[in-house]
Amino acid sequence: MATPLPALPRRTGADHDITRYGARPDGTSATAAIAAAVDACARAGGGRVVVPRGRYRTAAIRLQSKVELHLVRGAVLAFSTDPADYSLVPTRWEGAELMNYAPLVGAWDAQDVAITGDGTLDGCAGADNWWPWSSGAQFGWRPGAPNQRADRAALFAMAEAGVPPERRVFGAGHFLRPMFVQFQRCTRVLIEGVTIKDSPCWAIHPVLCRDVTVRNVTVFGHGPNTDGCNPESVERMLIERCTFDTGDDCIAIKSGRDADGRRIGVPTRDVTVRDCTMRAGHGGVTIGSEMSGGVFDVLVERCTMSSPDLWYALRIKTSPRRGGRIAGIHFRDIAVGRVARAAIGCDFSYEGVDGPYPPSVQDITVERLHAIDAERVLELHGIPGTPVTGLSLRDCRFDRVRQPDILDHAAPVAIERVRIAGLLTG
């Protein structure tokens with residue numbers, strides 16, 4: 001099914017250049033000017049908020065219906081790294097709802113909204129801000145410094161206890177990093193052409209949206225949890241001709257975590273990923289781990305994946321705490337250079353093996369995947385009583401495989417015309 005694009009005005013006078021509202025590429029804050037341009041554009045019935053060539057400092061940006069944020073070639077929006085610049089808003093963090101720091105660019109309940117152009121959104125995150133909150137020493141954290149561990153545990157405990165999201169208040173004095181681009185409950189969203197770099201946390205995160213298109217976008221950043229694109233509880237999404245070089249999953253498809261995911265109960269469905277390039281990252285395309293609402297009907301085709309720092313081409317991660325159902329996942333015509341762990345991985349014990357909600361995986365098909373160098377073809381970890389099932393490989397080729405498959409509580413994989421190190425199986 002085609003993904004409808006935003007209906008955005010293209011009339012004379014529909015462009016609102018942020019310099020007309022006081023923005024200057026001289027190191028002063030352009031936050032108020034950008035907000036004024038967005039408001040004026042929305043009041044005029046929609047159009048483009050244009051960022052001209054130059055580097056503009058800003059805090060959080062909130063878009064509105066029928067507004068397109070357009071960055072020309074050479075334009076950079078450099079985002080503040082001061083947490084005080086990000087107000088408290090309703091958001092979702094690792095699959096749980098809460099009140100937390102605003103995303104760097106956000107929209108709520110908007111229709112026909114876009115970010116376009118050849119410019120750059122620079123999150124400016126690094127080892128001296130945002131990233132140390134992850135508690136990773138490799139990202140700048142040092143003993144005695146604050147980190148997210150206690151807040152993360154508190155949020156998930158609140159969700160399990162049924163505390164209303166508006167009472168799960170974090171933000172100032174807490175250490176849960178904001179997302180970069182996060183649209184919530186929006187319809188007809190387009191992100192096209194821009195480069196997104198050095199995000200505090202997940203880079204592109206549509207939540208409870210419909211009809212989302214992300215194309216010709218480059219996402220770069222090797223920080224903690226800097227996933228490239230994470231659709232969560234989204235219906236109809238196209239991700240095409242994008243490049244991901246990330247510190248976590250390149251694309252991770254999600255639908256809410258544990259009790260919150262089951263309470264909201266909205267799956268992600270009808271996602272197409274095509275003609276993309278995946279470099280470093282934990283998974284080229286991952287499903288989970290926050291997928292308690294289910295993930296259905298995902299097509300990944302004509303993608304290129306390769307890096308010694310890419311763990312898996314296709315990765316599924318979940319647990320009996322998550323529950324949820326995954327069905328109708330189709331990989332085809334995938335070129336894999338090097339993967340560090342396995343071409344295909346599935347883990348039912350991610351973040352625990354205990355829980356009353358066994359995950360279900362069905363109808364996972366991999367066709368015409370060619371891997372030049374993989375540590376192993378399969379790494380499948382089910383749990384007692386809940387094996388990994390429903391995986392088929394057809395017309396695949398693995399030139400060099402260093403280690404044998406791991407099939408731990410996994411049903412036999414259906415194999416047809418698969419070559420491993422030159423030997424035909426199935």
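Going by the conditions given, is residue 37 touching a helix residue (DSSP H, G or I) at 6+ places or on another chain (Cβ under 6 Å) and modelled with pLDDT of 95 or more?
On the way: touching a helix residue (DSSP H, G or I) at 6+ places or on another chain (Cβ under 6 Å): yes; modelled with pLDDT of 95 or more: yes.
Yes.
With respect to the conditions (1) surrounded by fewer than 24 Cβ atoms within 10 Å (Cβ to Cβ); (2) at pLDDT below 95, residue 322 lacks only one, and its number is (1).
Just a yes or no: is a residue in region 31-44 outside any helix (DSSP H, G or I) and touching a strand residue (DSSP E or B) at 6+ places or on another chain (Cβ under 7 Å)? Working first, answer last.
First, pick out the residues of region 31-44 that are outside any helix (DSSP H, G or I): 44.
Adding the requirement that they be touching a strand residue (DSSP E or B) at 6+ places or on another chain (Cβ under 7 Å) leaves none.
Within region 31-44, not a single residue is outside any helix (DSSP H, G or I) and touching a strand residue (DSSP E or B) at 6+ places or on another chain (Cβ under 7 Å).
Within region 234-264, being over 12 Å from the mean Cα position of the chain (by Cα), within 22 Å of residue 189 (Cα to Cα) and not in a strand (DSSP E or B) holds for 241, 242, 264.
For residue 316, state whether it is buried (at least 24 other Cβ atoms within 10 Å of the Cβ) and more than 15 Å from the chain's Cα centre (by Cα).
It is false that residue 316 is buried (at least 24 other Cβ atoms within 10 Å of the Cβ) and more than 15 Å from the chain's Cα centre (by Cα).
Looking only at region 173-193, residues that are surrounded by fewer than 24 Cβ atoms within 10 Å (Cβ to Cβ), of a type outside the set (S, T, N, Q) and either touching a Pro at 6+ places or on another chain (Cβ under 8 Å) or within 20 Å of residue 220 (Cβ to Cβ) (or both) come to 5 in all. Examine region 274-281 for a residue that is modelled with pLDDT under 95 and in a strand (DSSP E or B), and state whether such a residue exists. Looking through region 274-281, at least one residue is modelled with pLDDT under 95 and in a strand (DSSP E or B).
Would a scan of region 52-74 turn up a residue that is aliphatic (A, V, I, L, M), over 30 Å from residue 256 (Cα atoms) and modelled with pLDDT of 95 or more? Full working, then the answer.
The first filter runs over region 52-74 and keeps only residues aliphatic (A, V, I, L, M), leaving 59-61, 63, 67, 69, 71-72.
From what is left, the residues that are over 30 Å from residue 256 (Cα atoms) are 71-72.
Filter again for modelled with pLDDT of 95 or more, leaving 71-72.
Yes, the conditions are met somewhere in region 52-74.
Among the residues making up region 78-95, those that are buried (at least 24 other Cβ atoms within 10 Å of the Cβ) and under 14 Å from residue 184 (Cβ atoms) are 91, 92, 93, 95.
Inside region 190-219, residues that are more than 13 Å from the chain's Cα centre (by Cα), of a type in the set (A, V, I, L, M, F, W, C) and over 12 Å from residue 239 (Cα atoms) make up a count of 3. If a residue counts only when it is in contact with a Phe, Trp or Tyr (Cβ under 9 Å, 6 or more places away or on another chain), which strands (runs of 3 or more DSSP E) contained entirely in region 354-426 have at least 2 such residues? Hits in region 354-426: 360-374, 378-381, 418-420.
The values are calculated or read from the model by the stated rules, or taken from the named source; none is laboratory data. Only a predicted model underlies this, so the values are computations on that prediction, with no experimental measurement involved. For neighbour counting, all protein chains shown are included, and Cβ atoms are generated from backbone atoms with ideal geometry for every residue, glycine included.
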